[in-house]
Amino acid sequence: MRRERVKLLLVADTPGHTTGYRIVARGLREGGIEVVLGGHQIPDRIAEMAVQEDVDWVGYRIMDGAPEILVPRLMEALQRRGAASIGVVVGGIVPPATVPLLTALGVRAVFPPGSSLPQIVRTLQSRPEPEAARGVSPETPASP
Amino acid sequence: MFHPDLLQALEQAKAEYDAKVAEILEAHGSPPPGLKTQSGLPFTRCYTPLDVAELDYLRDLGLPGQYPFTRGVHPTGYLTKEWTRRQVVGLGTAEETNQRLKALFREGQTGFSVCGMGYQSYDSDDERTVGQLGRGGVWIDTLADMETLLDGIEMERITLNQIGSSIPVFAMILAVANKRGIPWGQLKGTIQNWMEPGGEGPECRGNAFIDIVEFCIREMPFWNHTSISVRNTRDQGCTAPQEVAFGLYQGGYVVQSLRTRGFDADQVAPRISFFLSAENDLLEEVAKFRAMRRMWARLMRDRHGAKDPRAWKLRYHVQTSALSLTAQQPLVNVIRATVHAMAAALGGAQSMSVNSFDEAFAIPTELSATLSLRTQQVIAEESGVTKVLDPLGGSYCIEALTNQVEATAWSTLKALEAMEPKAAYRAMEEWADDEGYRRQQAIDRGEWPLIGVNRFVSDEGGEAGPSGSLPLFQYDPAWREKQIVRLQRVRRERDPARAEAARETLAEAYRKRENLIPPMVEAVSAYLSIGEIAKVRQEALDEPPFEGPFYFGR
């Protein structure tokens with residue numbers, strides 16, 4: 001049976017400066033989304049938690065880390081677990097030039113500083129569209 | 001301060017003025033709005049002596065260098081000692097950070113402040129450093145890194161600020177001084193050490209925060225053993241009066257906790273310093289700094305019984321707000337940071353770090369970091385505001401706001417003091433979160449003006465637009481490989497017998513809950529790495545490993 005509420009795992013790259021992380025968590029909850037707070041984790045562990053928690057979305061807060069290194073590792077770790085259908089969004093300190101790289105990897109949205117809560121909630125209120133609908137083949141995950 | 005006849009006549013004049021204002025506003029079709037400061041304090045459009053009628057000049061203000069220090073802690077202020085230019089640095093390995101520090105010193109930086117040192121409890125060869133090492137601060141594994149970091153920097157001639165209170169890193173600074181033959185008692189600096197409840201034994205044994213304070217009181221008279229960072233709580237969203245109240249509460253708690261080890265306020269308070277923010281509302285910010293000075297003096301003298309005037313003086317570093325900077329139209333941040341820095345200068349800061357315009361994207365480039373330093377220099381050397389002590393003092397508005405911030409902060413402080421310390425620390429977190437959330441909602445609704453986000457929004461054209469074409473600091477994944485090679489070499493070349501002995505002595509200190517600093521200095525001098533030291537702690541205390549900002553205490 002499919003649960004009614006959309007479920008999201010919120011994680012961070014490092015423990016410091018969690019203002020955005022906490023504000024977004026609260027905004028999502030008030031927007032009716034079930035939020036699991038995963039704290040700061042390495043990409044492989046994030047994927048493991050996402051599968052365990054059976055979430056629809058992973059929200060990845062990046063501050064001190066390099067998104068161009070960490071996000072590909074997360075996407076690969078999700079695919080390796082057959083969980084590529086879990087939607088990934090990234091928020092935080094992401095240089096503009098890195099955004100196209102993340103979108104090409106299948107990241108559904110990037111929320112830089114200045115993003116509004118309603119905008120974030122709107123994106124995540126419904127389950128991620130299946131990969132096929134977005135013109136990406138979900139059949140064969142890339143080999144690790 | 002004012003003659004009753006004047007106040008009476010003024011009341012009449014003010015009533016006429018208010019009626020006139022109401023009339024004009026009505027003609028404009030806008031009802032008189034309920035004015036509020038950024039922190040939500042009620043604000044009047046025109047201040048007069050009526051708003052500060054209760055002010056007693058000598059009791060509430062005094063002269064600079066006189067109790068209660070509202071007008072400054074030093075009689076000559078910036079005339080004899082300007083604030084320290086202390087831009088925060090921390091990138092890549094010790095080598096890159098050392099180069100950046102030297103570049104800034106060449107451009108006129110006068111103090112040292114480094115972030116990232118010992119933030120984690122593992123070494124560079126841990127998989128958790130992938131994509132992380134050196135991107136949000138410098139990476140330090142062993143004393144060899146600290147030697148590189150301080151290479152060519154005359155540590156006895158400047159003030160050193162350690163961000164974070166990692167005990168191994170603090171011990172490394174002391175170990176470098178040892179190697180250079182500089183007595184610890186001559187070193188000047190600050191460790192960003194703030195008290196948290198903990199250490200359940202008698203005398204708070206096993207509380208690393210208190211260990212640091214105790215050690216510094218005994219060995220390092222010029223070292224600020226406590227630097228209470230309410231700046232980061234402000235960046236979490238709390239208000240100006242909360243920033244004041246939270247800082248004062250924590251300062252009082254340090255003094256109170258050190259009593260368990262036999263130290264009184266006169267021994268502890270003179271070396272407590274504060275790490276504060278500066279936000280957009282310039283008038284409120286200036287009032288905040290002034291109110292906090294007055295409150296600290298009264299708190300220390302009247303509540304904690306301090307008799308030494310040095311214990312009454314609130315000294316602080318300001319790092320300008322990051323929460324109010326934007327990724328949109330990033331050059332506008334230069335102007336915001338200038339307003340913040342101006343508030344800090346008008347408020348009488350002892351030390352300053354101005355955030356750079358590109359920090360919503362990456363660690364500052366040399367260019368943007370230098371521009372931040374130039375911001376400080378323009379204010380100090382060109383604007384003229386440093387020629388007068390407390391230049392806004394005596395303004396009806398500033399004095400009234402100072403009183404308002406103070407009154408609000410006292411009531412918050414009282415609420416905190418009525419709680420158990422652990423509950424008070426939780427409450428500060430929760431209240432800051434609540435305010436941060438309210439602030440975000442106000443920004444989303446457009447009630448809180450933010451140029452580029454909810455006002456004067458421009459289509460920046462993505463990558464090709466102004467922010468897309470900014471030259472940003474580039475992360476180099478090769479730093480990690482370089483650092484791991486370095487760590488391996490240190491492990492290979494150190495004296496294994498000395499390392500083993502130091503490991504055992506440190507484990508024993510953990511088990512016996514002795515003051516950790518002396519055995520830690522030996523541990524880092526034997527070139528044990530931070531990851532190895534964390535393991536010693538974990539095994540000695542028989543505790544699971546933990547992550548995060550790492551204090552190496554209990």
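The values are calculated or read from the model by the stated rules, or taken from the named source; none is laboratory data. Every value quoted in this text rests on a predicted model; they were computed, and no experiment measured them. Note that each Cβ is placed from the backbone with ideal geometry, even for glycine, and that neighbours are counted across all protein chains shown. To get the accessible areas, we keep the full protein, side chains included, count just its heavy atoms, and leave off ligands, DNA and RNA. Shrake-Rupley method; radii C 1.70, N 1.55, O 1.52, S 1.80 Å.
Listed cross-link partners B:Lys288/B:Lys387; B:Lys313/B:Lys387; B:Lys313/B:Lys414; B:Lys188/B:Lys422; B:Lys188/B:Lys512; B:Lys512/B:Lys535 are compared with a 25 Å cut-off, the Cα-Cα value being larger for B:Lys188/B:Lys422; B:Lys188/B:Lys512. Per residue, the protein assembly as shown exposes 41 Å² of accessible surface when a 1.4 Å probe is rolled over the protein heavy atoms with every protein chain present. Spin-label pair B:Arg374-B:His3: with each label point 7 Å from Cα along the Cα-Cβ axis, the two points sit 5.3 nm from one another. Looking at the protein assembly as shown alone, DSSP beta bridges between its own residues are antiparallel in about 0 percent of cases.
For chain B, the Stokes-Einstein estimate of translational diffusion at 25 °C and a viscosity of 0.890 mPa s comes to 98 µm²/s, using the Kirkwood hydrodynamic radius over alpha-carbon pairs. Ranking B:Ala22, B:Tyr57, B:Phe2 by Cα position along the charge dipole of segment B:1-81, where only Lys, Arg, Asp and Glu carry charges on their C-beta atoms, puts B:Tyr57 farthest toward the positive end.
Scattering from segment B:320-359 was approximated by placing one identical point on each alpha carbon and applying the Debye formula without solvent; log10 I(q)/I(0) at 0.13, 0.16, 0.33 1/Å stands at -0.24, -0.36, -1.12. In this simple spin-label model, placing a label point 7 Å from the Cα along the Cα-to-Cβ direction at both B:Val485 and B:Glu514 gives a separation of 4.0 nm. Enter the angle in degrees (range 0 to 90, nearest 10) between the Cα long axis of helix B:496-512 and the first principal axis of the Cα atoms of chain B, meaning the one along which they spread out most. With both axes taken from Cα atoms, the answer is about 50 degrees. Measuring spread by the Cα atoms of segment A:59-130 yields a radius of gyration and Dmax of 11.9, 33 Å. Between B:Glu154 and B:Ala497, the FRET efficiency estimated from the beta carbon spacing at R0 = 35 angstrom works out to 0.55. Rg and Dmax of segment B:326-389, both derived from C-alpha coordinates alone, stand at 12.1, 37 Å.
The three principal axes of the C-alpha atoms in chain A carry coordinate ranges of 38, 37, 25 Å, sorted with the longest axis first. Sorted largest first by accessible area at a 1.4 angstrom probe radius, with every protein chain in place, the residues B:Phe222, B:Phe215 fall in the order B:Phe222, B:Phe215. Need the list of aspartates and glutamates near A:Lys7 for cross-linking: C-alpha distance under 12 angstrom, and skip anything on the same chain fewer than eight residues off. The reachable aspartates and glutamates, counting only those whose Cα sits under 12 Å from A:Lys7, are A:Glu34, A:Glu53, A:Asp54, A:Asp56.
Averaged over the residues of peptide B:341-354, the number of Cβ atoms from other protein chains lying within 10 Å of each residue's Cβ is 0. Charging the Cβ of each Asp and Glu at -1 and of each Lys and Arg at +1, and nothing else, the dipole of chain B about its Cα centre rounds to 1340 debye. Annotation: amide H of B:Ser529 has no partner in the under-5 Å range at sequence separation 5 or more or interchain, hydrogens built in the peptide plane.
Kirkwood radius for segment B:379-466, taken over all pairs of different Cα atoms as the inverse mean of 1/r, rounds to 17.7 Å.
Computed over segment B:119-182, the Cα gyration tensor eigenvalues convert (square root of 5λ each) into semi-axes of 24, 12, 11 Å, ordered from largest to smallest. The mean sequence distance of close C-alpha pairs (under 8 Å, at least 6 residues apart), as a share of the length of segment B:1-69, puts its relative contact order at 32 percent. Percent of Cα-Cα pairs more than 26 Å apart in segment B:55-192, please. So the pairs more than 26 Å apart make up 35 percent of the total in segment B:55-192. The mean count of C-beta atoms from other chains within 10 Å of the C-beta of residues in A:96-104, rounded to a whole number, is 4. Let me confirm one metric for peptide A:12-22, namely the mean number of other chain beta-carbon atoms within 10 Å of its residues' beta-carbons. Per-residue shielding by partner chains comes out at 6.
Length gained on full extension, B:Lys36 to B:Tyr17: 4.8 nm, using 0.36 nm per residue less the C-alpha separation. Built from the Cα atoms of segment B:289-379, the convex hull projects on average onto 6.8 nm², one quarter of its surface area.
Divided by 2.2 N^0.38 Å, where N counts the residues, the Cα radius of gyration of segment A:1-83 comes to 1.07. Taking only Cα atoms, what is the 0 to 90° angle, nearest 10, from helix B:4-27's long axis to the longest principal axis of chain B? That helix lies at roughly 90 degrees to the long axis. Quote the FRET efficiency, to the nearest 0.05, computed for B:Asp264 versus B:Arg59 with a Förster distance R0 of 22 Å and r equal to the Cβ-Cβ distance. Here the calculated transfer efficiency is 0.30.
Of all the C-alpha pairs in the protein assembly as shown, what % are more than 48 Å from each other? Pairs farther apart than 48 Å: 18 percent.
Looking at segment B:386-524, the pairs of alpha carbons with a distance over 25 Å make up 73% of the total. Put simply, chains B and A cover up around 2700 Å² of each other's accessible surface, both sides summed, when a 1.4 Å probe is used.
Against the main long axis of the alpha-carbon atoms of chain B, helix B:530-541 sits at an angle near 80°.
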